[in-house]
Ligand code: ADP
């Protein structure tokens, strides 16, 4: 019945905390669809429901009304919630929550315990992820021997351990200086592109939002704006299409372009007309 291509779908999702006079409507009829591979930023003032929404998507909390579907599963009907989380979702929080007595490598291995039988495989996968986040040389370091940005990289590698379809990040750059924040953000963007991981990130950081493909703005438990960010290539092409050159190419009254076949000119004209829409 549901669209199979959606990775996330919430249907009339509402969440009310408390009851009576102290009741707080944290989510109010949220209908959100995201497809696999999307990189979505969730923004809005403090208390507008961002974390509540993220928690619902990760099956960390139950809705008051409505449905949440992730990767084809109705979260209210899960037989084993822990299994769903381990299988399908990777979490990254503002504070990394690494285990202080385990090395970087061991921290990344933790979510694979009981899921990947062979210790050798767990180690290999953890090492691969450590390399992916640029910290292969820090495998044996303990969290307190690493910088805040490095710890957050380890947390990202750990979130990817079981190759989740969805990564949920709650203010992942919130506790970092701006340089480290920038790097974490780039890393998330790369993972989104290279691994095709769908990422939903709650953030106050404009730069994070700009790096994503889509920005959801929330207010009082509702999504009040759903904005798609154009990629830089499309942005440049658009600038070209609206330039003098673009206009010249579009103008069929003009003399034929030199050094270009009529077929090529027709293609250019079609492309520019499309971009100018
Ligand atoms: P945001 O992440 O946008 O800051 P939250 O999702 O954390 O917002 O909170 C949304 C609203 O729900 C807030 O008014 C908050 O006070 C309330 N809230 C969140 N969690 C709880 C809870 N466990 N019990 C009661 N109220 C809560």
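What follows draws every value from the coordinates through simple rules; no lab data is involved. Please read these numbers as outputs of a predicted model, since none were measured by experiment. As a convention, Cβ positions derive from the backbone with ideal geometry for all residues, glycine included, and neighbour counts pool all protein chains shown.
Taking only the C-alpha atoms of the stretch 59-155, the Rg (one decimal) and the largest Cα-Cα distance, Dmax (whole number), read 15.8, 48 Å.
So for each of 113-119, 97-103 I average, over its residues, the number of other beta carbons within 10 Å; can you give me the resulting order with the highest mean first?
Working: 113-119: 11.6, 97-103: 14.0.
Averaged packing, sorted descending, gives the order 97-103, 113-119.
Normalising by residue count, the stretch 1-103 has a Cα convex hull of 151 Å³ per residue.
Restricting to the stretch 61-219, compute how many DSSP beta bridges are antiparallel as a %, nearest 5. Working shown, then result.
On the way: 2 of 11 bridges.
Around 20 percent antiparallel, to the nearest 5.
In terms of the mean number of neighbouring beta-carbon atoms within 10 Å, the peptides 22-33, 259-270, 198-209 order highest first as 198-209, 22-33, 259-270. Taking the longest Cα principal axis of the chain as reference, the axis of helix 232-241 is set at about 20 degrees.
Entry note: the chain has Rg to Rh equal to 1.08, where both radii use alpha-carbon atoms and Rh is the Kirkwood radius. Computed over the stretch 131-277, relative contact order equals 15 percent, with contacts defined as Cα pairs under 8 Å that lie 6+ residues apart. Cα centroids of the stretch 1-76 and the stretch 172-246: 21 Å apart.
The value of relative contact order for the chain, using C-alpha pairs under 8 Å at least six residues apart, is 23 percent. For the pair residue 137 and residue 254, a Förster radius of 51 Å applied to the C-beta separation gives a FRET efficiency near 0.30, rounded to the nearest 0.05.
The long axis of helix 119-132 is offset from the longest Cα principal axis of the chain by roughly 40 degrees. Restricting attention to the chain, close to 55% of DSSP beta bridges with both partner residues there are antiparallel. Taken over the Cα atoms of the stretch 233-275, the convex hull encloses 69 Å³ per residue.
Each of residue 179 and residue 264 was given a label point 7 Å from its Cα along the Cα-to-Cβ line. The distance between the two points is 4.6 nm.
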